[in-house]
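One structure is given below, encoded as structure tokens.
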Amino acid sequence: MTQDREPRPVSRSSSELIRWMSLQDANSAGFVHGGVVMRMCDEVAGIAAIRHSGCRVVTAGMDRMTFTEPVHVGELLRCRACVNAVWRTSMEVGVRVEAENAVTAQVRHTSTAYLTMVAVDEKGEPVEVPRLIPETPDEERRGREAETRRRNRLAEREEILGARQASGEIAG
Ligand SMILES: CC(C)(COP(=O)(O)OP(=O)(O)OC[C@H]1O[C@@H](n2cnc3c(N)ncnc32)[C@H](O)[C@@H]1OP(=O)(O)O)[C@@H](O)C(=O)NCCC(=O)NCCS
């Protein structure tokens with residue numbers, strides 16, 4: 001676990017994973033499985049979260065995953081992650097996914113994902129993470145949008161738990 005609890009800029013933990021999409025990643029029509037893209041998003045989000053926190057991290061949730069265009073066998077898949085916001089022990093990491101045709105250099109934005117990663121100690125208990133320093137207007141905007149997603153997530157949870165309690169169902 002890190003000894004350095006100083007606030008850290010977003011740029012310090014920004015991470016990128018690139019992988020060539022092969023036949024094993026795709027269905028018989030040559031379209032890459034969504035699960036392959038999700039796994040790469042989870043991996044790169046984990047790298048960014050570890051770099052920011054200096055700790056082991058676990059994935060607590062994936063808030064949203066959009067697939068706007070299919071990815072094809074033979075394309076390069078590039079997943080770029082940065083920490084958008086941090087709270088006490090959790091961090092929202094945003095991932096932008098692009099597919100590149102290496103021959104033509106044509107790049108398409110194919111997915112966006114938002115994951116919540118939680119820093120944990122050796123026993124798996126959540127631990128505090130350093131504060132985040134946004135340095136650009138884009139980083140500030142992403143931070144505001146992450147706050148909105150967290151507010152909505154917590155409000156949804158509260159509403160569902162409240163409704164279950166009101167109807168006498170056991171919360172699960
Ligand atoms: C994530 C985990 C550590 C949270 O533990 P917990 O006992 O619920 O801890 P807490 O209630 O103190 O929550 C810790 C933080 O996680 C956040 N959190 C917990 N569940 C969450 C969820 N489903 N979605 C988003 N955030 C979540 C809390 O908001 C809190 O954030 P904060 O400290 O920044 O406010 C625990 O649920 C866990 O280990 N889950 C399994 C993770 C896993 O195996 N992932 C897949 C492989 S990596």
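Using the Karplus curve 6.51 cos²θ - 1.76 cosθ + 1.60 with θ = phi - 60°, what ³J(HN,Hα) values do you get for each residue of region 26-36, in whole Hz, with x for Gly and Pro?
10, 8, 5, 8, x, 8, 5, 4, x, x, 5
Given a cut-off of under 8 Å on Cα pairs at least six residues apart, what relative contact order in percent is computed for the chain? If you can, show how the numbers build up before the last one.
Details: 339 pairs, mean separation 43.1, N = 172.
Rounded, it is 25 percent for the chain.
List the residues whose amide H sits under 5 Å from the amide H of Val120, counting only those 5 or more places along or on another chain, with H placed 1.01 Å from N in the peptide plane.
HN-HN under 5 Å from Val120: Arg56, Val57, Val58, Val127.
Which net charge results when you count Lys and Arg as +1 and Asp and Glu as -1 among the other residues whose beta-carbon is under 12 Å from that of Ala146?
Values: positive: Arg64, Arg141, Arg142, Arg144, Arg149, Arg150, Arg151, Arg153; negative: Asp63, Glu92, Glu139, Glu140, Glu145, Glu147.
Around Ala146, the surrounding residues sum to +2.
On the principal axes of its Cα set, how long, how wide and how thick is region 2-77? Give whole Å, largest value first.
49, 22, 20
I need the per residue convex hull volume for the chain, using only the alpha carbons, in cubic angstrom as a whole number.
On the way: hull volume 25.9 nm³, N = 172.
So the per-residue hull volume is 150 Å³.
Give me the compactness ratio for region 101-172, meaning the Cα radius of gyration over 2.2 N^0.38 Å. Each step should come with its number before you reach the end.
On the way: Rg = 19.1 Å, N = 72, 2.2 N^0.38 = 11.2 Å.
Expressed relative to 2.2 N^0.38 Å, the Cα Rg reads 1.71.
Dipole magnitude of region 28-89 about its Cα centre, charges +1 at Lys/Arg Cβ and -1 at Asp/Glu Cβ only, in debye to the nearest 20? Numbers along the way, then the final one.
Working: 7 positive and 5 negative charges, 62 e Å.
Taking the Cα centre of region 28-89 as origin, the dipole is about 300 debye.
For the chain, what is the accessible area per residue in Å² when the probe is 1.4 Å?
Values: 9980 Å² over 172 residues.
Each residue of the chain exposes 58 Å² on average to a 1.4 Å probe.
Enumerate the calculated ³J(HN,Hα) couplings along region 51-56 in order (Karplus 6.51 cos²θ - 1.76 cosθ + 1.60, θ = phi - 60°), each rounded to whole Hz, writing x wherever the residue is Gly or Pro.
These are the phi-based 3J(HN,Hα) values: 4, 6, 8, x, 10, 5 Hz.
Leaving out ligands, DNA and RNA, what percent of the accessible area of region 32-108 is carbon and sulfur, probe 1.4 Å?
Details: 1800 of 3430 Å².
Ligands and nucleic acids excluded, carbon and sulfur reach 53 percent.
Taking 0.36 nm per intervening residue step and subtracting the Cα-Cα distance, what contour gain separates Asp63 from Arg80 on full extension?
On the way: separation 17, 0.36 × 17 = 6.12 nm, distance 1.68 nm.
In short, 4.4 nm is gained.
Kindly work out what percent of the DSSP beta bridges joining two residues of the chain are antiparallel, to the nearest 5. Can you show the working numbers first?
Values: 41 of 43 bridges.
Beta bridges within the chain, antiparallel portion: roughly 95 percent.
Please sort 154-165, 42-53 by packing, taking for each peptide the average over its residues of neighbouring beta carbons within 10 angstrom, highest first. Present the calculation step by step, with values, prior to reporting the outcome.
Working: 154-165: 10.8, 42-53: 22.5.
Packing proxy ranking, top to bottom: 42-53, 154-165.
The values are calculated or read from the model by the stated rules, or taken from the named source; none is laboratory data. From a predicted model like this one, the values you see are computed outputs, not experimental measurements. When we count neighbours, we look across all protein chains shown, and the Cβ atoms used for this are built from the backbone with ideal geometry, even at glycine. Heavy atoms of the whole protein, side chains included, go into the accessibility calculation; ligands, DNA and RNA do not. Shrake-Rupley method; radii C 1.70, N 1.55, O 1.52, S 1.80 Å.
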